[in-house]
Protein chains: 2
Amino acid sequence: MKNCIITISREYGAGGHSIGKRVAGELGIPFYDRDIVKQTAEASGYPPELVETEGEDISRTDSIIRGIVASSVFYSDSQDVIHDVQQAIILRFAQQGPCVIVGRCADEVIRKAGIDGLHVFIYADDVHRAMRVSEMLGRSNATEIQRLMSRKDASRHAYYNRYTGKKWGDGRNYHLTVDSGALGYDLCTKLIVEAAKALDASADAKPKLKKDK
Amino acid sequence: MKNCIITISREYGAGGHSIGKRVAGELGIPFYDRDIVKQTAEASGYPPELVETEGEDISRTDSIIRGIVASSVFYSDSQDVIHDVQQAIILRFAQQGPCVIVGRCADEVIRKAGIDGLHVFIYADDVHRAMRVSEMLGRSNATEIQRLMSRKDASRHAYYNRYTGKKWGDGRNYHLTVDSGALGYDLCTKLIVEAAKALDASADAKPKLKKDK
């Protein structure tokens, strides 16, 4: 694996983190998810928990962050501070070599930088996602789980749209879109690994991924 | 291959027919595309060329067909005559066993019948599609090719929406969505074959595809 950067966008509860981690493990390349939060927090000076929620969540924390950095003389929009730092961190990871990067508009970040990548979107039906979320959080309140899924997806949607100008989850923004509920995590992992290996092998000879895609 | 019916929806010029044919060849199962037109024409009594264009094209031929079947005492909407017959033909193909069916809302037809399937959508960027269309038609007029792609896609979109109530090309209607321009036909074929084999193997033990999807 010499060339392929894999970005994974995902619906909440669709297993994007787990599948991405497995893909990185099978390919023997770094996996970045929370590391982005950690390094962004260190570089920006914001508390990790704020970067964590703000990183993809516009609706909930914008006002909180705005309050905290009200005194900032460098930026008028605190949301953009963290986004800009996060973007730089993602770009650095991508420039270090093949890896798997989860969420946070990573696909658009490396596209804009002219770096080739395999951009994947992972989704699932509400029932599969709800069971997964219930298992992750140890909760069983259906209404609570439905609200959480709706809020998380709406936030990621808003964040992606704000910083890319594109529609989050629109198949045409990605090279591969898989339904983890119908196909299962094992198969999704296998398909992404297959695609990454094939693209990596062809990258030197004849790039299959367009930088402007 | 005992269980898997593969349906392929595709943008015009994205290679859905070629990729679907390769998938069927590798899996050793029947491939249905023009056969649907042929059998629908025989069963409905309409000329093949009309069924061909009408099969997925609402915008162009609705009026023509309406004129031809104005005397029909069985149906008030000629578009529905051919759709209903086509639907029955697709269902019969699916009930005969594993196969690859291209276009014509086949995914929704077998979903409604409670038959499991691997539903795939194949798309590509305009440049890759235009080059493909130019090669298929032996034309090089960019404006003509752009108009043809727009008209074909708009027609398929309208046809799919009319008969399924869903958005054509929306990743969430399919189990697997692949960008044939970025990934290439060989890789797309490989990924679909991999998915079909895995689902087929797991179908007896524990179905991965939900009938209501």
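Annotations
- Selection within region A:18-30 - in contact with a helix residue (DSSP H, G or I) (Cβ under 9 Å, 6 or more places away or on another chain) and either buried (at least 21 other Cβ atoms within 10 Å of the Cβ) or closer than 24 Å to A:Ala158 by Cβ (or both): A:Ile19, A:Gly20, A:Val23
- Whichever residue in region B:43-54 is charged (D, E, K, R) and more than 13 Å from B:Val81 (Cα to Cα) and, among such residues, is surrounded by the most Cβ atoms within 10 Å (Cβ to Cβ): B:Glu52
- Residue count for region A:118-141 under the criterion of being over 18 Å from A:Gly181 (Cα atoms), open to solvent by 20 Å² or more (accessible area, probe 1.4 Å) and not polar (S, T, N, Q): the result is 3.
- B:Thr7 farther than 27 Å from A:Gly171 by Cβ and β-branched (Val, Ile, Thr): no
- Tally, over region B:70-94, of residues that are open to solvent by 20 Å² or more (accessible area, probe 1.4 Å) and either at pLDDT below 90 or over 13 Å from B:Tyr32 (Cα atoms) (or both): 13
Okay, residues lined up against (1) within 10 Å of chain A (Cβ to nearest Cβ); (2) under 20 Å from the mean Cα position of the chain (by Cα); (3) under 16 Å from B:Ser18 (Cα atoms):
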| site | (1), (2), (3) |
| --- | --- |
| B:Met131 | no, no, yes |
| B:Asn141 | no, no, no |
| B:Arg147 | no, no, no |
| B:Tyr160 | no, yes, no |
| B:Trp168 | no, yes, no |
| B:Tyr174 | yes, yes, no |
| B:Asp179 | yes, yes, yes |
| B:Leu191 | yes, yes, yes |
| B:Ala198 | yes, no, no |
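- Every condition in (1) modelled with pLDDT under 95; (2) at the interface with chain A (Cβ under 10 Å from one of its Cβ atoms) holds for B:Leu187 except the one numbered (1).
- Qualifying residue in region B:99-111 (condition: touching a residue at least 24 places away in the same chain (Cβ under 8 Å) and surrounded by fewer than 17 Cβ atoms within 10 Å (Cβ to Cβ)): no
- Filter result for B:Glu54 (within 21 Å of the chain's Cα centre (by Cα) and either at pLDDT below 90 or within 14 Å of another protein chain (Cβ to nearest Cβ) (or both)): yes
The values are calculated or read from the model by the stated rules, or taken from the named source; none is laboratory data. Since the structure is predicted, the reported quantities are computational estimates derived from the model, not experimental observations. All Cβ positions, even for glycine, are placed from backbone atoms using ideal geometry, and neighbour counts span all protein chains on display. Remember, those area values only see protein heavy atoms, side chains included, never the ligands or the DNA or RNA. Shrake-Rupley method; radii C 1.70, N 1.55, O 1.52, S 1.80 Å.
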